[in-house]
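Just below is one structure, and these are the notes that go with it.
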Amino acid sequence: MFGTSFSVYRVDRNSSNSNRSRGGGVLIAVSNALASCQIAVDRFTSIEAVWVKVSLPTRNAFIGALYIPPDGRNDSGIIQQHLDAIEYASSLTDLVDVLLLLGDFNQPGLIWLQSGHRYAFPDPDNSTTTPASRLLIDGTAFFGLSQISLISNFQNHFLDLVFVSENLLPDCAVDEAPDAIVPLDNYHPALVISIANSDLVRFDDSSNADCLNFRKTDFELLRRKLSLFDWNALNDLDIDTAVGRFNCFLSDCVFASVPKRQPPRKPPWTNATLRNLKRERARTLRALTKRRCAITKRNFSIASNCYRRYNKHLYKQYVCRMQHNLRRHPKGFWSFVNTKRKENGLPSRVFLDNDVALNAEDKCNLFAKHFSTVFSNALPSQADIARAARDVPNNVISMDVLPLKLIWLSRR
């Protein structure tokens with residue numbers, strides 16, 4: 001389901017964590033664009049939980065997913081084991097690291113209300129608490145975690161909860177997913193957790209740079225513009241200034257006489273029908289966002305399914321064409337392969353120790369700084385040169401005659 005673009009960490013239901021054979025189990029899938037690893041919690045094999053560490057440029061994110069079965073929601077022992085796992089994950093964090101815990105807590109008696117500080121708290125008047133649920137509330141608060149989900153199921157029960165650390169609280173938001181990946185369960189609406197995190201590695205996409213179509217060059221216009229250059233204006237200038245001025249003039253002439261290439265279609269298998277379906281899906285999503293009801297949900301679901309099915313159909317046809325034309329058009333095949341890369345272009349931010357580069361010049365300086373630390377400018381001795389040239393056959397290189405080609409540019 002996730003393909004090779006994700007690392008999947010999972011804990012399946014087994015005899016050590018449940019006496020049931022059906023359902024259960026948790027997993028976390030992390031994009032391979034991010035460095036991640038599973039946190040070994042061998043001491044907590046009797047609970048259904050998985051913890052993953054995601055390494056970001058300036059801090060780490062510790063993410064946990066858990067499942068508390070209905071028959072264990074009142075078991076304080078199970079709750080305590082999950083709190084022990086949270087304590088273990090917290091012990092690995094630094095002050096700048098963030099903690100995120102989510103899953104099916106199966107506590108239908110807790111009714112959550114929105115506070116004025118972007119987190120939720122149990123309604124003291126309408127919530128039905130048990131020793132296990134009180135232990136959960138107190139334990140998560142002890143580790144500095146705040147619950148932020150206010151999405152209930154069709155029975156108005158809050159089964160799926162999201163706890164975040166205090167330093168992540170201002171950047172998090174939880175919404176109901178408008179387009180679920182798998183068929184929905186009425187007891188568990190799909191959630192989208194948005195985290196405004198500037199630490200994620202981003203890439204500057206250079207594939208959208210302006211490309212010129214030299215095959216459609218207007219050579220007559222180019223000739224007329226080049227003939228207007230005043231060569232006498234360069235007589236009193238030094239060589240660097242003269243070359244820079246001529247290069248600017250030449251660039252202006254080229255951009256004026258050579259049209260830009262049309263941007264490639266994205267995705268390359270799209271057509272007018274697919275674009276219309278995409279616009280219809282966007283329109284129904286806007287209507288769903290403005291007014292959430294059964295009709296807008298149904299309209300968006302229909303539009304989304306139509307777009308998804310047709311897009312999948314066109315994609316299969318496109319892959320078949322790429323495979324069939326591999327021999328005759330290998331360039332198109334490798335272009336398709338490049339679209340499967342994890343990233344395009346160069347990182348928008350480059351780090352070296354405590355230095356950060358955001359533009360091209362600073363990035364080059366960081367690379368130069370790093371290379372200067374590993375470069376040796378020691379000159380080789382005559383003995384080293386003789387030793388290196390010892391096995392070179394005679395008459396391989398003749399320095400007596402060097403071919404020299406001169407190109408004379410005359411101006412009229």
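The values are calculated or read from the model by the stated rules, or taken from the named source; none is laboratory data. Being a predicted model, the structure only gives us computed values, none of them experimental. When we count neighbours, we look across all protein chains shown, and the Cβ atoms used for this are built from the backbone with ideal geometry, even at glycine. All accessible areas refer to the heavy atoms of the entire protein, side chains included, with ligands and DNA or RNA removed. Shrake-Rupley method; radii C 1.70, N 1.55, O 1.52, S 1.80 Å.
Straight-line reach from Lys53: taking Cα to Cα under 15 Å and skipping same-chain neighbours fewer than 8 places apart, the aspartates and glutamates in range are Glu87, Asp94, Asp97, Asp199.
At the residue level, Arg10 shows approximately 140 square angstrom of accessible surface with a 1.4 angstrom probe and all protein chains present. Its Cα gyration tensor gives region 92-146 an equivalent ellipsoid, and the semi-axes of that ellipsoid, as √(5λ) in whole Å with the largest first, are 23, 14, 10. When the surface is traced with a 1.4 Å probe over the full set of protein chains, Val356 keeps roughly 80 Å² accessible.
For region 90-249, which whole-number percentage of the solvent-accessible area (1.4 Å probe, protein heavy atoms only) is attributable to carbon and sulfur atoms? Of the solvent-accessible surface of region 90-249, carbon and sulfur hold 56 percent. Taking Cα centroids, how far is region 119-146 from region 167-183 in Å? Comparing the Cα centres of region 119-146 and region 167-183, I get a distance of 21 Å.
Highest mean packing first, where packing is the average number of other Cβ atoms within 10 Å per residue, the peptides 313-319, 279-285 line up as 279-285, 313-319.
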